[in-house]
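*Asks:* Have a look at this one.
The values are calculated or read from the model by the stated rules, or taken from the named source; none is laboratory data. Values in this document were obtained by computation on a predicted structure and should not be read as measured data. So basically every Cβ, Gly included, is an ideal-geometry build from the backbone, and we count neighbours across all protein chains shown.
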Amino acid sequence: MSEVKYSKEHEWIKLEGDVATIGITKHATEMLGDIVFAELPEKGSNVEKDGTAGVVESTKAASDVYTPVSGEVVDTNQEIVDDPSKINQDPENSAWFFKLKIKDKSEMDSLMNKDDYDKFAKENNT
Amino acid sequence: METKKTSLYQLHQDCNAKFVEFAGYQMPIQYSEGIVEEHKFTRNHSGIFDVSHMGQLFIYGGDELIRDLEKIFPLDLKNLKLNHSKYSFLMDKDAGIQDDLIITKIDEGFLIILNAACKDNDFKILKELLNEKYKMVLDENRSLIAIQGPKSSQILNDVVDGVKDLNFMSGNWFVFENQKVYITRSGYTGEDGFEISVPNNFADKLTRELIDKGSKLVGLGARDTLRLEAGLCLYGHDLDKNKTPVEANLKWAISKERISKGDFIGSDIIIKQLNDGVTKIRVGIKPEGRIIAREKTKIFNQSDVHIGEITSGTFGPSVNGPVAMGYVENEFSKKNTKVFLEVRGKKYAANICSLPFYKKSYVKGAN
């Protein structure tokens, strides 16, 4: 079992071997409200740590999705594009956004563990 | 300035509302179920909206008032029957829309429902235009509660007997807890529904009774998605001082009889635009994919020329897709014209379409 880490931009990341699965946190979905649109990075493209790697829109507004680590996009979750409401239903599991083949595992070091993230999310409840 | 609270503030809190500041008021944007559920519940059952921030302007007077108001509003007010309502606008001399409103003939004069952000300015303008001849009250002692959706007639009738006999766009005085409440059959969702003007002290009790009968509170978030699906304009977005009723495609609301005489504020421009046409006009816009084009999104034609701008855009839960409206150059306003919307630097295909996106189911009433 690999540990799930969290970013200040409310993404979660789970590393298995050199492939990381990334999505947005339950806290993020609660702040956004009903998600009605999702856009994901293209398969085969490269994304840079803290760069934009997608968009989610709620009925209220659009928000960028950032990637907490750099890498090549090896898979994307078409299911959440077809039915974005799945993101609200199961954000930290089946409604993952994209998978990256990562370059530098040390980029994971600066990310938060669950306890730290929960504390962070509580303090930044806006 | 401190933000104001409506009489339902405590009830909103009890129902876990998320608040936003809107026109100087703390208003519920949504409750715990969220915008999509609240929207669907209104379409399928019945939703209650606190719209107490809106202005309730009572102007008292007789035939002279009717003549004076006809100089302001493009309506045939002398033939407006008692307790009947009309949609209209307050225009400046260039026919720019300063507010859109509903005016109802009541026994002693007129009741005008004004947008929250405009009401104080409207009051000033109207007072000046009417030379302070008439008693005018922008009533802060009454709340305004809307109940909308197919089950609303039965639910409200269980609480206030007799309302189900009202016709669409008409109203009357009713009694709730020995209080006089003025109820019109109208709304802003594309559904059958009512708006209830009730003394502040009784607004909470009335609303809780409606909830007990099966209706649910719905926030401003779903109010926006409902009205946009219904093709209805939001002042400050789809309408403003730089747009005329003809450009806004609202000429149906201007009395033909009054146009022939042309003696109201802005009538020169209105008549000119009706005869010569307009350069820009409000249209419905349906993106082809799932992309949401929001307010201020630029619209391009097939030759990549900038031809207009979105004024309202969101996801329509009942349409199950994105919906928008905006202004385009007149020659691109025909139904099914293909246009492109620039969202986050990319252009997405969309089509000009007729409004509403969601078919109305207004009830004519019992007659």
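*Asks:* Would you call B:SER354 hydroxyl-bearing (Ser, Thr, Tyr) and more than 14 Å from chain A (Cβ to nearest Cβ)? Lay out the reasoning, then the answer.
*Replies:* Values: hydroxyl-bearing (Ser, Thr, Tyr): yes; more than 14 Å from chain A (Cβ to nearest Cβ): yes.
Taking the combined requirement at face value, the residue satisfies it.
*Asks:* Scan region B:76-97 and give yes if some residue there is among the polar types (S, T, N, Q) and closer than 16 Å to B:MET136 by Cβ, otherwise no. Walk me through it before giving the result.
*Replies:* Residues of region B:76-97 among the polar types (S, T, N, Q): B:79, B:83, B:85, B:88.
Going one step further and asking which of them are closer than 16 Å to B:MET136 by Cβ, we end up with none.
No, region B:76-97 has no match at all.
*Asks:* Among the candidates A:ASN125, A:ASN88, A:ASN113, which residue alone is within 14 Å of chain B (Cβ to nearest Cβ) and more than 28 Å from B:ASN320 (Cβ to Cβ)?
*Replies:* Details: A:ASN88 fails: more than 28 Å from B:ASN320 (Cβ to Cβ); A:ASN113 fails: within 14 Å of chain B (Cβ to nearest Cβ).
After ruling out the rest, the residue left standing is A:ASN125.
*Asks:* On to the next question. Given (1) without any contact (Cβ under 8 Å) to a residue 60 or more places away in the chain; (2) surrounded by fewer than 17 Cβ atoms within 10 Å (Cβ to Cβ); (3) within 14 Å of chain A (Cβ to nearest Cβ); (4) not β-branched (Val, Ile, Thr), identify the lone condition not met by B:PHE19.
*Replies:* (2)
*Asks:* To continue, here is another question. Return the total of residues in region B:223-238 being in a helix (DSSP H, G or I) and in contact (Cβ under 8 Å) with a residue 60 or more places away in the chain.
*Replies:* Filtering region B:223-238 down to residues in a helix (DSSP H, G or I) leaves B:223-229.
Adding the requirement that they be in contact (Cβ under 8 Å) with a residue 60 or more places away in the chain leaves B:223-226, B:228-229.
Counting residues in region B:223-238 that are in a helix (DSSP H, G or I) and in contact (Cβ under 8 Å) with a residue 60 or more places away in the chain gives 6.
*Asks:* Which condition number does B:VAL343 fail, the rest of (1) surrounded by fewer than 20 Cβ atoms within 10 Å (Cβ to Cβ); (2) more than 26 Å from the chain's Cα centre (by Cα); (3) within 14 Å of another protein chain (Cβ to nearest Cβ) being met?
*Replies:* (1)
*Asks:* If we keep just the residues of region A:50-107 that are acidic (Asp, Glu) and part of a strand (DSSP E or B), which is farthest from A:ALA28 (Cα to Cα)?
*Replies:* Pass one, region A:50-107, residues acidic (Asp, Glu): A:50, A:57, A:64, A:72, A:75, A:79, A:82-83, A:90, A:92, A:104, A:107.
Still in the running and part of a strand (DSSP E or B): A:57, A:64, A:72, A:75.
Working: A:GLU57: 12, A:ASP64: 12, A:GLU72: 24, A:ASP75: 22 Å.
That would be A:GLU72.
*Asks:* Would you check which residues across region B:300-312 are crowded, with 16+ Cβ neighbours inside 10 Å and either aliphatic (A, V, I, L, M) or touching a residue at least 60 places away in the same chain (Cβ under 8 Å) (or both) and list them?
*Replies:* B:ILE307, B:ILE310, B:THR311, B:SER312
*Asks:* Would you confirm, using the coordinates I've provided, whether B:LYS119 is surrounded by fewer than 19 Cβ atoms within 10 Å (Cβ to Cβ), among the charged types (D, E, K, R) and over 21 Å from B:VAL218 (Cβ atoms)? Talk me through it step by step, then tell me what you get.
*Replies:* Values: surrounded by fewer than 19 Cβ atoms within 10 Å (Cβ to Cβ): no; among the charged types (D, E, K, R): yes; over 21 Å from B:VAL218 (Cβ atoms): yes.
No: the conditions fail for B:LYS119.
*Asks:* hydroxyl-bearing (Ser, Thr, Tyr) and in contact with a Gly (Cβ under 7 Å, 6 or more places away or on another chain), is that true of B:THR311?
*Replies:* For B:THR311, the condition - hydroxyl-bearing (Ser, Thr, Tyr) and in contact with a Gly (Cβ under 7 Å, 6 or more places away or on another chain) - is met.
*Asks:* I've got another one for you. Can you tell me which residue within region A:25-51, out of those that are within 9 Å of chain B (Cβ to nearest Cβ) and not acidic (Asp, Glu), is farthest from A:PHE97 (Cα to Cα)? So that I can check it myself, show each step before the final result.
*Replies:* Our first condition is that a residue be within 9 Å of chain B (Cβ to nearest Cβ); within region A:25-51, this holds for A:33-34, A:36-39.
Imposing the further condition that a residue be not acidic (Asp, Glu) reduces the set to A:33, A:36-38.
Numbers: A:GLY33: 17, A:VAL36: 14, A:PHE37: 12, A:ALA38: 9 Å.
Taking the candidates together, the pick is A:GLY33.
*Asks:* Which pairs have Cβ atoms under 9 Å, sit 6 or more apart or on different chains, and link a residue in region B:159-178 that is of a type in the set (Lys, Arg) to one that is assigned to a helix (DSSP H, G or I)?
*Replies:* B:LYS164/B:SER153; B:LYS164/B:GLN154; B:LYS164/B:LEU156; B:LYS164/B:ASN157
*Asks:* Same structure again: Quick one: what pairs do we get from region B:78-102, first residue assigned to a loop (DSSP other than H, G, I, E, B), second small (Gly, Ala, Ser), C-beta under 7 Å, 6+ apart or different chains?
*Replies:* Pairs found: B:ASN83/B:SER170; B:ASN83/B:GLY171; B:ASP92/B:GLY266; B:LYS93/B:GLY266; B:ASP94/B:GLY266; B:ALA95/B:GLY266.
*Asks:* Looking at region B:172-222, which of its residues are under 20 Å from B:PRO150 (Cβ atoms) and either part of a strand (DSSP E or B) or basic (Lys, Arg) (or both)?
*Replies:* Result: B:ILE183, B:THR184, B:ARG185, B:GLY193, B:PHE194, B:GLU195, B:ILE196, B:LYS213, B:LYS216, B:LEU217.
*Asks:* Still on this structure: What's the number of the condition B:SER7 fails, among (1) among the hydroxyl-bearing types (Ser, Thr, Tyr); (2) in contact with a helix residue (DSSP H, G or I) (Cβ under 8 Å, 6 or more places away or on another chain); (3) within 13 Å of another protein chain (Cβ to nearest Cβ)?
*Replies:* (3)
*Asks:* Based on what the data block shows, is B:GLU128 assigned to a helix (DSSP H, G or I) and either under 20 Å from the mean Cα position of the chain (by Cα) or farther than 21 Å from B:HIS237 by Cβ (or both)? Walk me through it before giving the result.
*Replies:* Working: assigned to a helix (DSSP H, G or I): yes; either under 20 Å from the mean Cα position of the chain (by Cα) or farther than 21 Å from B:HIS237 by Cβ (or both): yes.
The answer is yes for B:GLU128.
*Asks:* Check region A:1-24 and report whether any residue there is without any contact (Cβ under 8 Å) to a residue 40 or more places away in the chain, of a type in the set (S, T, N, Q) and either within 14 Å of chain B (Cβ to nearest Cβ) or touching a strand residue (DSSP E or B) at 6+ places or on another chain (Cβ under 9 Å) (or both).
*Replies:* Within region A:1-24, one or more residues are without any contact (Cβ under 8 Å) to a residue 40 or more places away in the chain, of a type in the set (S, T, N, Q) and either within 14 Å of chain B (Cβ to nearest Cβ) or touching a strand residue (DSSP E or B) at 6+ places or on another chain (Cβ under 9 Å) (or both).
*Asks:* Could you grab me the full set of residues in region B:190-216 that are farther than 17 Å from B:LEU166 by Cβ and without any contact (Cβ under 8 Å) to a residue 60 or more places away in the chain?
*Replies:* B:PRO199, B:PHE202, B:LYS205, B:GLU209, B:ASP212, B:LYS213
*Asks:* Any residue in region B:194-209 that is outside the structural domain of B:SER170 (by TED's automatic domain parsing), under 21 Å from the mean Cα position of the chain (by Cα), modelled with pLDDT of 95 or more and surrounded by 19 or more Cβ atoms within 10 Å (Cβ to Cβ)?
*Replies:* Step one: list which residues in region B:194-209 are outside the structural domain of B:SER170 (by TED's automatic domain parsing), which gives none.
Checked region B:194-209: no residue is outside the structural domain of B:SER170 (by TED's automatic domain parsing), under 21 Å from the mean Cα position of the chain (by Cα), modelled with pLDDT of 95 or more and surrounded by 19 or more Cβ atoms within 10 Å (Cβ to Cβ).
*Asks:* Separate question: Looking at A:VAL56, A:VAL65, A:VAL73 in this structure, which one is away from chain B (no Cβ under 14 Å) and touching a residue at least 12 places away in the same chain (Cβ under 8 Å)?
*Replies:* Numbers: A:VAL56 fails: away from chain B (no Cβ under 14 Å); A:VAL65 fails: away from chain B (no Cβ under 14 Å).
Being away from chain B (no Cβ under 14 Å) and touching a residue at least 12 places away in the same chain (Cβ under 8 Å) holds for just one of A:VAL56, A:VAL65, A:VAL73, which is A:VAL73.
*Asks:* Would you check if there is a residue in region B:98-116 being under 30 Å from A:LEU32 (Cβ atoms) and not polar (S, T, N, Q)? Show your work before the answer.
*Replies:* Let us first name the residues in region B:98-116 that are under 30 Å from A:LEU32 (Cβ atoms), namely B:115-116.
So of that shortlist, the ones also not polar (S, T, N, Q) come out as B:116.
Within region B:98-116, one or more residues are under 30 Å from A:LEU32 (Cβ atoms) and not polar (S, T, N, Q).
*Asks:* Select from region B:240-290 the residues that are modelled with pLDDT of 95 or more, surrounded by fewer than 20 Cβ atoms within 10 Å (Cβ to Cβ) and within 14 Å of chain A (Cβ to nearest Cβ) and list them in ascending order.
*Replies:* Hit for region B:240-290 is B:GLU288, nothing else.
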